[in-house]
1. Select from SER36, SER238, SER24 the residue whose mean-square fluctuation is largest in a Gaussian network model of the chain (Cα-Cα springs shorter than 10 Å).
2. Scale the Cα Rg of segment 59-226 by the rule-of-thumb value 2.2 N^0.38 Å and send over the ratio, two decimals.
3. Between ASN128, ASN277, ASN46, where does the largest GNM mean-square fluctuation fall for the chain, given springs only between Cα atoms within less than 10 Å?
4. Per the Debye formula with a single identical scatterer at each Cα and no solvent contribution, what log10 I(q)/I(0) holds for segment 232-307 at q = 0.21, 0.22, 0.26 Å⁻¹?
5. Quick check on the chain: helices-only [θ] at 222 nm, where DSSP H runs of length 4 and up contribute -39,500 (n - 2.57) each and the sum goes over total residues. Nearest 500, please.
6. Just report the Cα centroid separation between segment 127-177 and segment 225-243, whole Å.
7. Apply the Karplus parameterisation 6.51 cos²θ - 1.76 cosθ + 1.60, with θ equal to phi minus 60°, to every residue of segment 253-259 and state each ³J(HN,Hα) to the nearest whole Hz, in sequence, with x for glycine and proline.
8. What does the charge dipole of the chain about its Cα centre add up to, to the nearest 20 debye, if the Cβ of each Lys and Arg holds +1 and the Cβ of each Asp and Glu holds -1?
Amino acid sequence: MSTSNTYYLNGPTLATATAVFSDSNLTVCAPDGFYSDNTISREQVNCVLLPAQTCPSCASPCDSPINADGDQGFYKASFQSGTDTGAMLIYFSPRGIPDGIKASLGTYSTSETTSQTHGYAAASSMNNFVYLGNPSLDCGIGTTLDAGGFTNLNEFVYQGGNVNDYVGTGQTVNIQGSSADVVLLGGYSQPTNMATLVVPKTSNVDEILIVDVVGPCSGTAFDLQINCPAPLLPTPISTVGEECGTDQFPNTVYVAPNSNGTAGDPALNEFAFADENGAQKYSPGQYTINPASGKKFITIDGNGVITNFVNC
């Protein structure tokens, strides 16, 4: 059985440290054994940390809701993805005060989002955080990122008990990026206008989904809903350029519903994919789709988002 205690690292995080110590002066090595930050675990042998391992038993189950509030900081949460395949839909609301978000599963990382009201918003790089929220509550995020980023942000790790159960690790984190990662389009609300991130899960291995949130401003608050992997539902779609008069739907599109959406019934500002796992975005163009609710003429843009939506 694992136990909690206070230990000290000779590096900024467990992933980068080479040893664990029992005292703040780093003179007394911690006992041999496994040490975890709730995301990875590492075994220490003779005051040397062995290579990191993912820690499935430390991760929270998917389908977990989080309603968090706190101070400026770096908030890390890890979730079990299970053995099913499909798309993992992450719904995120920074409420008003801007927050950054990024999700990763194995080698895949994304900071692309869309939402019912605001549409597509993404960072300049998949490895950066995308910052969402109300522009009137910006605390100079872009300026700080362009000047080198945020330094010594207190790290908090989600423990998976209560919905607001982030616990400080005593470590600090530095976050880099650029002003191009800041896309402040307005407020987001739960459940009607949350940002959607899609993480494809194509293997039956129970990999750990990591969802990191940066609260760059004081008094941050955010909501998260982590959905377990499930195949996206298919919708018949025409070949490119076919308008409402067509009755030919030889292809299939798989659309990820937004937080207020209905699976299998595509809507404006939702991600469209060529596969049920959400791994390949659908080719851009104008199409007619034929869901059970009736034909619609749509436009899919280069980001894989439905940007025009007209009932036939």
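Computed from the coordinates by the stated procedures, all read-outs in this text should not be read as laboratory data. Worth saying up front: this structure is predicted, and the values here are computed from it rather than measured. Because the Cβ atoms are built from the backbone with ideal geometry, glycine has one as well, and the counts that use them run over all protein chains shown.
1. Per the Cα network of the chain with a 10 Å cutoff, SER24 tops the list.
2. 0.96
3. In this elastic network of the chain, the residue with the biggest mean-square fluctuation among ASN128, ASN277, ASN46 is ASN46.
4. Treating every Cα as an identical point scatterer, log10 I(q)/I(0) equals -0.83, -0.91, -1.31.
5. Roughly -500 deg cm²/dmol at 222 nm, from the helical runs in the chain.
6. 33
7. For segment 253-259, the Karplus curve yields 10, 10, 10, 8, x, 6, 4 Hz.
8. Computed about the Cα centre, the dipole is about 140 debye.
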